[in-house]
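Okay, so here's the structure we're looking at.
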Amino acid sequence: MSEIPEYTLRKSKRARRVRLAVRCDGSVVVTAPMGVNPSAVEKFVFSKRRWISDKLDLFKSMDSGAVRKFSRGDYLKHKEKALEIIKERIAFYGEIYRCSFNRICVKNQRTRWGSCSKKGNLNFNYKIIFLPEILRDYIIVHEMCHLNELNHSPKFWALVGRVFPNYLELRRDLRKQGILFR
């Protein structure tokens, strides 16, 4: 792939950097901050053409049944169960981390498993209930650790490593799982 692949450009007020996503259906979406020069976006996409090609090949080789599609109805059906599980696990890990938070929200996010705000709000994607328990717990611990360290510094990873010394392996596993969800 030597030319620039076809892509859809989305401008976002919230984006801080250019992001690239290859979807299961073969579409390529680039999200960029509002003021980014279109030629810089093209240069970025061109530099990632090998990665894009590899992802497209991966999706072509996958069994179409391996990709689970979710609907708003799935979210409404599972969000209360997700909240119940998340609260239970936060109570469990709260004994270890002794951190306080403002509130917990379960959302129907497209690109994130979880997040933590400066105000101490913990947000989780309801789809974590479909992950293996170890990955679900890793996400919960990851976000809880952000209550103490709102970054990904060595200090943050040391906190995560208290419970999950194998966090690098879990991050890899989570990335693999990520392609199975839309």
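The values are calculated or read from the model by the stated rules, or taken from the named source; none is laboratory data. The shown structure was predicted, so the numbers you read here are calculated from the model rather than taken from an experiment. Ideal geometry is used to build each Cβ from the backbone, glycine not excepted, and the neighbour counts take in all protein chains shown.
Observations
- Checking every residue in region 109-127 against the condition of being of a type in the set (Lys, Arg), in the same structural domain as residue 85 (by TED's automatic domain parsing) and surrounded by 14 or more Cβ atoms within 10 Å (Cβ to Cβ) gives at least one match.
- The residue list 124, 92 contains one member that is at pLDDT 95 or above and within 30 Å of residue 23 (Cα to Cα), which is 124.
- Residue count for region 69-83, restricted to those that are within 13 Å of residue 128 (Cα to Cα) and at pLDDT below 75: 1
- Helices (runs of 4 or more DSSP H) within region 22-104 that include 3 or more residues on the phi < 0 side of the Ramachandran plot, assigned by TED's automatic domain parsing to the domain that holds residue 160 and buried (at least 17 other Cβ atoms within 10 Å of the Cβ): 72-97
- Scanning region 116-152 for residues that are of a type in the set (Ser, Thr, Tyr) and under 20 Å from residue 88 (Cβ atoms) yields 126, 138.
- Residue 149 vs. criteria without any contact (Cβ under 8 Å) to a residue 12 or more places away in the chain and under 19 Å from the mean Cα position of the chain (by Cα): yes
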